[in-house]
Each structure stands twice: as C-alpha cells, then as structure tokens.
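Report on one structure; see the data block that follows.
The values are calculated or read from the model by the stated rules, or taken from the named source; none is laboratory data. All figures in this text were calculated on a predicted structure; none of them were measured in a lab. Note that each Cβ is placed from the backbone with ideal geometry, even for glycine, and that neighbours are counted across all protein chains shown.
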Amino acid sequence: MNQRVSTDGSSLAVLLDATSRGDRPAFRALYEATAPKLFAIVLRITRSRPMAEEVLQETFIKIWQNAERYMPESGQPMAWLAAIARNRAIDRLRSEKIERNRADDDQILERLVAPAAGDPAMRQALGTCLKALDEESRDCVILAYCSGFSREELAERFGRPVGTIKTLLHRSIKQLRACLESE
Amino acid sequence: MSEERDLDAAEYVLGTLPADERARFSERLKSDAALRQDVRAWEARLAPLDETATPVAPPPDVWRAIERATAVGSTAVPEAAGTNVIALRRRVAFWRGSTAVAGLLAAGLAVVAVVDRLSLPPVAAGGRYVAVVDSGGHEPALIAEVDTTTGTIRVRSLTAETPSGRSLELWHVPEGQAPRSLGILKAGLDAQTINDAASAGPVDGLIAVSVEPEGGSPSGAPTGPIVYTGRLIPVE
C-alpha cells in the first residue's frame with residue numbers, strides 16, 4: 001500500500017492520533033510520509049548507514065509505543081518526530097563515544113533561505129538570527145544541531161579549549177533566543 | 001525561566017551536553033514539566049534546520065524490522081511468528097540439502113550416504129532471532145538480536161535502567177530449561193555485542209533480565225527479580 005500523505009502538520013497529526021489507537025495502516029502511512037526525512041536527519045548526525053538504520057528502527061518503535069503522548073501543544077508533529085529521532089541518534093553517539101570522520105555541509109544556511117516545507121516565517125527568522133551570529137558561533141550551532149558535533153569535536157575543529165566552546169555556545173544560545181523573540 | 005535551565009535545555013536540543021550531564025538532564029525531564037516546555041521551545045526554534053536535510057529513502061529492511069518489533073504482543077504475532085518458523089524450516093531443509101550435495105561432489109560419496117546425511121540431526125542454520133524485551137508494559141526496555149551464524153547477541157538498550165549499586169544481568173531461558181547467563185548489561189551503554197557460543201544454532205525460549213548484586217548473580221542462577229522478558233522470534 002502506498003498511500004500518498006502530505007507532510008503538512010494536520011495530516012501527520014491525524015496519522016499520529018490513529019497510530020496511538022493501534023491503527024497499523026496509519027502507522028505505515030506515517031512511516032512512508034516521514035521516514036525519508038527522519039532517515040536523512042539521522043544520517044547527517046551519525047554518518048553511518050548501519051547506525052542510522054538502527055536509530056530509525058528504534059525511533060519508529062518508540063513512536064508506535066508513545067504516539068498517544070503527542071499533543072498539539074507539543075508543537076508541529078514533524079518537529080516532535082524529528083526530536084525523537086535526533087535524541088536517539090545523539091544518545092547513541094554520546095554513549096558509545098563514536099569517532100566519526102568529518103564531512104561537512106556548507107549548504108545548510110543557504111538551504112534555510114531557499115523555499116521549502118514548514119513555516120516560512122520561522123525559517124526566515126532562524127536564518128536571519130543565525131546570520132547575525134559571528135561566523136564561528138554560527139558554525140558551532142549548525143555543526144552541533146545538524147551534524148551531531150560534541151563540545152570536544154567542536155573544540156578540535158576550531159582549535160580551541162573545550163571550555164571556550166562551552167562559553168561560545170552559551171553566548172550563541174542567549175543571542176539566538178533574544179533575536180528570535182524580537183523577530 | 002532561569003537562565004541556567006534554559007541554557008541546559010538549549011544544549012540538550014543542540015546535543016552538546018556531555019554524556020553524563022545529558023543522562024541527568026533526561027532524568028530531570030521526566031518529572032519537570034516546565035523544563036519539558038523549555039526543551040519544546042528550543043526544538044521549535046531550531047526545527048527549520050531539519051528542513052535542510054534532503055530526504056533519503058531508507059532500505060526496506062528497516063520497515064520490516066519495525067513491523068516485527070511492533071507486532072510483538074499484538075494479535076499479529078501468532079501469524080507472523082508461524083510464517084517465520086515455516087520460512088526458517090524451509091531454509092534449514094535447503095541448507096541441509098545443499099550441504100549433502102556439496103559433500104557428494106567433494107568426496108564422491110554414494111547416494112546411500114546422502115540419504116544417511118539427510119536423516120542426521122538438524123545442523124545449525126544461519127539465522128537471526130529477535131526478542132523485544134519489556135516489563136509487560138508497553139515500553140520496550142531493550143531489543144536482543146541473536147545471530148546464529150556468528151554466535152553473537154546484539155543488545156540494544158532503549159529504556160532499561162540499572163538501579164544504583166546493582167547490575168542488570170541478561171539471561172537466555174531456552175524452552176523448558178534453566179536460565180543461562182549471557183552476561184551483565186553495561187550501565188549507560190546503548191548497544192553492546194555479546195559473544196555466545198551456545199547461540200551458534202537455532203535458539204528458542206525467552207530473553208530475560210534480572211536485577212542482581214553488582215557484578216552479577218553469585219550463584220549462576222537469577223537471584224533478584226526478573227524485571228524484563230521477551231520471546232525470541234526467528235526473523236528473515
């Protein structure tokens with residue numbers, strides 16, 4: 001069965017609701033609609049196909065078990081699903097202390113400005129506020145969130161002590177929040 | 001909102017908290033609704049970055065594994081398990097047949113010898129078994145995958161928690177037999193592989209987890225409460 005499901009929030013919320021009641025076709029449709037995106041997010045973090053496949057599998061087992069915990073106030077369904085996948089991927093990396101080869105994606109900021117799905121206003125605001133950070137801070141935030149870099153990996157990458165990276169991250173977080181609240 | 005808490009929430013979402021702080025933070029999240037709110041706010045702020053990932057189709061194996069794991073405990077189990085057993089038997093039969101033929105070609109044995117070989121006890125078929133191990137509730141604690149070709153058991157911990165000052169010990173309970181220790185679940189490790197020579201052949205029964213004194217059961221049999229169990233199901 002290959003149902004076409006759009007990834008807009010309302011249809012995903014309907015699928016999540018049906019999944020929470022044990023509706024397997026809905027669960028399958030939810031997988032079809034969101035797995036390629038979640039797999040891409042997890043691949044970018046783990047940089048290992050076998051690990052990304054395991055994380056994706058575990059993510060959907062968790063979604064099946066916890067779908068009833070999704071509430072509209074939890075935010076956009078896709079953000080809720082992505083958070084489960086990202087958390088699992090990062091837990092794996094941190095607990096196993098995986099050494100990864102570095103592959104960077106410089107296009108992330110450009111793509112943030114390009115038209116895509118999701119809330120255009122939020123995307124634009126984040127793009128603007130990330131650009132307002134100094135270059136090193138911006139790279140740290142993006143490499144951490146998108147590529148799963150730890151403080152140590154960031155420290156190595158930028159040739160700075162881990163403590164400096166922590167300070168820089170904290171400063172960036174405060175600046176981002178202030179900027180996003182004013183946007 | 002305190003500044004400190006919000007920085008922790010943001011770093012949790014960024015993924016930059018060190019492993020021990022991250023584990024403590026996850027623990028705090030369970031009982032702190034305001035902190036969950038802070039995390040959700042950061043997830044929403046940064047979510048547009050997820051849109052920059054170009055979708056990649058996962059291999060079909062992933063869905064099959066999810067389907068199997070989520071079918072455990074539901075009405076789909078008997079049918080699915082039955083089909084798997086039949087598929088496994090077919091493979092065993094095929095494997096034994098091809099071994100016999102290979103033996104015939106290699107050694108020039110008589111046809112009678114081939115027939116003899118076919119009536120030998122089952123040989124170890126290469127195969128995989130999986131158990132989704134839980135506490136009888138709906139949250140799976142761990143997934144155990146047995147690979148009989150390599151005699152290894154891969155254990156992935158999802159929500160299993162080691163009580164402080166104790167150890168979680170993993171057991172295989174073959175059908176109608178006493179539990180056999182597979183070793184200690186290393187606390188805080190999300191995935192570990194256990195070498196187990198006895199798993200280099202078809203396995204059945206349960207995978208169980210008991211709470212033991214630190215370092216494991218002193219007697220070789222479970223002494224503490226069995227906190228999680230899951231039935232081994234052949235896959236592929």
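Structural remarks
- Filter result for residue B:203 (part of a loop (DSSP other than H, G, I, E, B), under 17 Å from residue B:177 (Cα atoms) and of a type in the set (A, V, I, L, M)): yes
- Considered as a group, the residues in segment B:13-56 that are among the small types (Gly, Ala, Ser), more than 7 Å from chain A (Cβ to nearest Cβ) and over 26 Å from the mean Cα position of the chain (by Cα) include one that is surrounded by the most Cβ atoms within 10 Å (Cβ to Cβ), and that residue is B:41.
- Cβ-Cβ distances below 8 Å connect no pair with a first residue in segment A:151-163 that is touching a residue at least 40 places away in the same chain (Cβ under 8 Å), a second residue that is in a helix (DSSP H, G or I) and surrounded by fewer than 15 Cβ atoms within 10 Å (Cβ to Cβ), and a separation of six or more residues or different chains.
- Index of the failed condition, residue A:50 passing every other in (1) more than 9 Å from chain B (Cβ to nearest Cβ); (2) crowded, with 23+ Cβ neighbours inside 10 Å: (2)
- Comparison of A:73, A:183, A:96 shows that the only residue that is modelled with pLDDT under 80 and more than 9 Å from chain B (Cβ to nearest Cβ) is A:183.
- Taking every residue in segment B:160-185 that is touching a residue at least 60 places away in the same chain (Cβ under 8 Å) and over 18 Å from residue B:147 (Cα atoms) and pairing it with any residue that is part of a strand (DSSP E or B) and not polar (S, T, N, Q), at least 6 positions away or on another chain, the pairs with Cβ-Cβ distances below 6 Å are B:160/B:141; B:160/B:142.
- Against the criterion of being at pLDDT 80 or above and surrounded by fewer than 16 Cβ atoms within 10 Å (Cβ to Cβ), residue A:135 qualifies.
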